[in-house]
Amino acid sequence: MRRGVDLIAVGETIITDRLHAMLLGLQIGRSVVAVDNSYGKVHGYIDSWLEGSGAAVAKARSFAEARAMVT
């Protein structure tokens, strides 16, 4: 766990398609751009649990779009 936190804590914004990386990033106070996986798990979680919560998370359709959102 510590290694994972150390890895993602380096940046200001995390781009990920992994649910647990998104949640961990939000818990340590980072902004997150979430790219969905093939079955909609990540965006589905955002829609169900984070929409309207004020969480610093944005949805992207691809990694290229996610990179464009943070640069």
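Only the coordinates and a few stated rules stand behind these numbers; no lab work does. As the structure is a computational prediction, the values presented were derived from the model and not from experiment. We place every Cβ from the backbone using ideal geometry, glycine too, and count neighbours over all the protein chains shown.
Quick one: putting +1 on the C-beta of Lys and Arg, -1 on the C-beta of Asp and Glu, what dipole do you get for the range 2-70 around its Cα centre, in Debye to the nearest 20?
200
Out of L7, L24, A68, whose Cα points farthest toward the positive end of the dipole of the chain (charges: +1 Lys, Arg; -1 Asp, Glu; placed on Cβ)?
Highest projection toward the positive end goes to L7.
Among the GluC sites (Glu not before Pro) within the chain, which fall in a DSSP loop and have no more than 16 other Cβ atoms within 10 Å of their own Cβ? Intermediate values should be presented prior to the final figure.
Working: sites: E12, E51, E65; in loops: E12, E51.
Answer by residue number: E12, E51.
Could you work out the helix-only [θ] at 222 nm for the chain, with each DSSP H run of four or more residues adding -39,500 (n - 2.57) and the total divided by the number of residues, to the nearest 500 deg cm²/dmol?
Using -39500 (n - 2.57) per qualifying helix, the result is -10500 deg cm²/dmol.
Defining a contact as two alpha carbons under 8 Å apart and six or more residues distant in sequence, what relative contact order in percent does the chain show?
29
Show me the chymotrypsin sites (Phe, Trp or Tyr not before Pro) within the chain that DSSP assigns to loop and that have at most 13 other Cβ atoms within 10 Å of their Cβ.
Y39
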